[in-house]
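Asks: Right, I'll just put the structure down here and ask away after.
Readers should treat all values here as calculations from the given coordinates under stated rules, not as data from a laboratory. Treat the numbers as computed from the prediction; the structure is a model and nothing was measured. Methodologically, a virtual Cβ is constructed for each residue, glycine included, from the backbone with ideal geometry; neighbour enumeration extends over all protein chains shown.
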């Protein structure tokens, strides 16, 4: 399935994990498209769409086998960016291991809040959504809609970690699931004994004396 996106307004409202400005994309570049995830540019070609001839980038999205086509001139406005480097992965992991941040209590507002964060295309915003929904799932459970959002957000994040860490899709998914499980285990242990001896809990979970 191929979707054509012709974007004239920036859905990120100015937010990005990379500097603004025109970027050059080449065949084989690993890129991230908001709401869809990481993929590879497989074609650059001039096409006529709706009566206009322009250069389009064709991107093969990893996790859902979707192909998207974006006008090169509007790629930045569409939120397209290159995949993070391996040096940024540790920063993403730190976000996933961090404490949860505020989310609206109302379900509709919370859903919209997280949807807008995913829509930015920023990897750190996405990691926050994954972390916060993981925490809420552990504490109170998630609605059907939020479960679907959680699953999709994890797939999008794992697809980028796959390229950044040079591993396959399954390894990237397992890395993410293990990180969330370890963080959840740590939060449960801390909650069980209170917040007085976090360092003791951390040492115990790490197998340290």
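Asks: Provide, as a two-decimal number, the C-alpha radius of gyration of segment 103-182 over 2.2 N^0.38 Å, N being how many residues it has.
Replies: Values: Rg = 12.5 Å, N = 80, 2.2 N^0.38 = 11.6 Å.
Dividing the Cα radius of gyration by 2.2 N^0.38 Å gives 1.08.
Asks: In nm, what is the difference between 0.36 nm times the number of residues separating residue 93 and residue 55 and their Cα-Cα distance?
Replies: Separation in residues times 0.36 nm, less the Cα-Cα distance, equals 10.0 nm.
Asks: Pop a pseudo-label 7 angstrom from the Cα along the beta-carbon direction at both residue 124 and residue 67 and give the gap in nm to one decimal.
Replies: 3.6
Asks: Turning to a different aspect of this structure: What is the packing order of peptides 82-92, 149-159, taking the mean over residues of other C-beta atoms within 10 Å and listing the highest first?
Replies: Packing proxy ranking, top to bottom: 149-159, 82-92.
Asks: In whole Å, what is the distance between the alpha-carbon centres of segment 25-82 and segment 111-184?
Replies: Taking the Cα centre of segment 111-184 as reference, the centre of segment 25-82 is 23 Å away.
Asks: Would you mind putting 121-134, 174-187 in packing order, based on average other-beta-carbon counts within 10 Å, highest first?
Replies: Ranking the peptides 121-134, 174-187 by packing returns 121-134, 174-187.
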